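Chemist: To start, I am sharing the structure in question, which I have written as structure tokens.
The values are calculated or read from the model by the stated rules, or taken from the named source; none is laboratory data. The model shown is predicted, which means the values in this text are computed figures rather than measured ones. Note that we place each Cβ from the backbone using ideal geometry, even for glycine, and neighbour counts take in every protein chain shown. Remember, those area values only see protein heavy atoms, side chains included, never the ligands or the DNA or RNA. Shrake-Rupley method; radii C 1.70, N 1.55, O 1.52, S 1.80 Å.
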Amino acid sequence: ISIVIEWENVLLSEADRALEMLKQLSTQLQDIHHAVEVLFLFNEEDIAAKTLQAIIDNHLTVHPSLANRVSVQLVPVVGLHYYDIKNAGVQQAKGDLVVFLDSDVVPEPHWLKALTEPFFNDASVQVIAGHTYLEPEGFLGRAFALCWFFPTQAIPGAKLTPVSQFFANNVAFRRSVLLQYRFESMPKGVTRGACTELAKTLVQAGIPLLKTTQAQISHPRPNGAHHIIIRALAMGRDRFLRESAKGANGIQAFGDVLRYFKLAIGRLSRRVIHDRQKVGATRIEAPFIFLLMFSWQSLALMGGALSFIAPNLAQRLWRI
């Protein structure tokens, strides 16, 4: 098993989440009875190798009994971002299974075993997605947990269920699949969305995508006002630029951004009304959550509008 971890997202998140992720991974390596390599891919322009090595040495503890079958490796990359980092990890990986885990998420107990064991029990299994939810901590956490694109926390179930998409922060593949299909390069300036495109490609190729809710991880909300604003603007920008890359003119591309805004507001209304208790939001908090997330989706709409007005400038801004 090759576990590929990008060390980019942590730069926009709370550092203690990455430390908790390493701690959880240390514990869960003991649940696995196969050889495991853990690959940390990092940009040397963002963090020095010896700094990252010290973090890993202090927080990722490999039990002495696992030393003969668990290895940890740092892999420097230059000029690569998120999906390209993951592709580079696949090329570096030696395992028959490749697991993608991000540097800003925290796995729940037995996540790794739940995500990988089905591959060894059934040779027909090719791709398994885990369940990613947003940590509903504090008012902002509850707001984003309820109204962002991640689902709410699930009750773990034993069955694998067919799905049509996955999140790149919590998914496992047979490496042979990733050698044939990869995260495609995004249009210039776009930072997210390649996992959606890869899922579509795999489904069209007849490769089944399965999901287990026993492999859950928590994702952080955007960290701080700057990240919240940048993330929203980038959502609208990415949507506009993806449609432009498909051949849509500016008006058509912005029309898609506007349609998504309308869908997002409709989903926001439904979830605030029907699902607030799933994240622990009170009745008093509900209208404030709606106003906050309506404003956030409005920022995404603004990101699409600014991309329409100045697409070259938008391509250079708002990296997430």
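Chemist: Once the stretch 61-204 is represented by equal point scatterers at the alpha-carbon sites, with solvent omitted, what log10 I(q)/I(0) does the Debye formula produce at q = 0.10, 0.14, 0.19 Å⁻¹?
Modeler: -0.40, -0.80, -1.41
Chemist: If DNA, RNA and ligands are ignored and the probe is 1.4 Å, what is the ranking of HIS219, HIS274 by accessible area, most exposed first?
Modeler: HIS274, HIS219
Chemist: Still on this structure, I have one more. Filter LYS159/LYS246; LYS94/LYS211; LYS50/LYS86; LYS50/LYS200 down to the pairs with a C-alpha to C-alpha distance above 28 Å, please.
Modeler: In this structure, LYS159/LYS246; LYS50/LYS200 exceed 28 Å between Cα atoms.
Chemist: On a 0 to 90° scale, report how tilted helix 224-245 is relative to the longest principal axis of the chain, with both axes built from alpha carbons and the result rounded to the nearest 10.
Modeler: 80 degrees
Chemist: Among the DSSP beta bridges whose two residues both lie in the chain, what percent are antiparallel, rounded to the nearest 5?
Modeler: 30 percent
Chemist: Which whole-number percent is the relative contact order of the chain (Cα, under 8 Å, 6+ apart)?
Modeler: Across the chain, relative contact order equals 20 percent.
Chemist: How large is the accessible surface per residue of the chain, computed with a 1.4 Å probe and reported in Å² as a whole number?
Modeler: Solvent-accessible surface per residue comes out at 46 Å².
Chemist: Another question, then. Pick out, from VAL10, SER185, PHE294, the residue whose Cα sits farthest towards the positive end of the charge dipole of the chain, with +1 on the Cβ of Lys and Arg and -1 on the Cβ of Asp and Glu.
Modeler: Result: PHE294, furthest along the dipole toward the positive end.
Chemist: For the stretch 194-245 and the stretch 1-38, what is the separation of their C-alpha centers, rounded to whole Å?
Modeler: 20 Å
Chemist: Right, something else. How many nm is it between the label spots at ALA286 and ALA15, if each spot is 7 Å from the Cα in line with the beta carbon?
Modeler: Result for the modelled spin labels: 4.1 nm.
Chemist: Let me have the 222 nm mean residue ellipticity of the chain computed from DSSP H runs of 4+ only, each contributing -39500 (n - 2.57), with the sum over all residues rounded to the nearest 500.
Modeler: Result for the chain: -15500 deg cm²/dmol, rounded to the nearest 500.
Chemist: Charges only on Cβ, +1 for Lys and Arg, -1 for Asp and Glu: so what's the dipole of the stretch 241-320 about the Cα centre, in debye to the nearest 20?
Modeler: 200 debye
Chemist: Can you put ARG69, ARG270, ARG316, ARG237 in order of accessible area, largest first, using a 1.4 Å probe?
Modeler: ARG316, ARG270, ARG69, ARG237
Chemist: Given +1 on the Cβ of Lys and Arg, -1 on the Cβ of Asp and Glu, and no further charges, what dipole in debye does the chain carry about its Cα centre, rounded to the nearest 20?
Modeler: 1100 debye
Chemist: Quick one: angle between helix 285-309 and the longest Cα principal axis of the chain, in degrees between 0 and 90, rounded to 10, please.
Modeler: It works out to around 80 degrees.
Chemist: What residue among GLN252, VAL62, PHE166 has its Cα farthest toward the positive end of the dipole of the chain, where the charges are +1 on Lys, Arg and -1 on Asp, Glu, each on the Cβ?
Modeler: GLN252
Chemist: Suppose the chain between GLN73 and PHE294 were pulled fully straight at 0.36 nm per residue; how much longer would it get relative to their current alpha carbon spacing?
Modeler: Net length gain for the segment: 75.3 nm.
Chemist: Work out the FRET efficiency for ILE207 and LYS50 from their Cβ-Cβ distance, taking R0 = 30 Å, and round it to the nearest 0.05.
Modeler: Calculated value: 0.15.
Chemist: Give me D for the stretch 137-182 in µm² s⁻¹, whole number, from Stokes-Einstein with Rh from the Kirkwood sum over alpha-carbon pairs, 20 °C and 1.002 mPa s.
Modeler: 157 µm²/s
Chemist: Let me ask something additional. In a solvent-free Debye calculation with one equal scatterer on each Cα, what is log10 I(q)/I(0) for the chain at q = 0.09, 0.12 Å⁻¹, listed in the order of the q values?
Modeler: Listed by q, the Debye log ratios stand at -0.47, -0.86.
Chemist: OK, next. After finding the eigenvalues of the alpha carbon gyration tensor for the stretch 1-122, what semi-axes result from the square roots of 5 times each, listed largest first in whole Å?
Modeler: 22, 16, 14
Chemist: Work out how far the C-alpha atoms of the stretch 206-259 reach from end to end along every principal axis, then list the three figures in whole Å, largest first.
Modeler: 43, 42, 17
Chemist: Averaged across orientations, what area in nm² does the convex hull of the alpha carbons in the stretch 144-254 project?
Modeler: About 8.8 nm², averaged over all directions.
Chemist: Something else about it: With only Lys, Arg, Asp and Glu charged, each at its Cβ (+1 for the first two, -1 for the last two), find how big the charge dipole of the stretch 165-313 is about the Cα centre; round to the nearest 20 debye.
Modeler: That gives a dipole near 280 debye.
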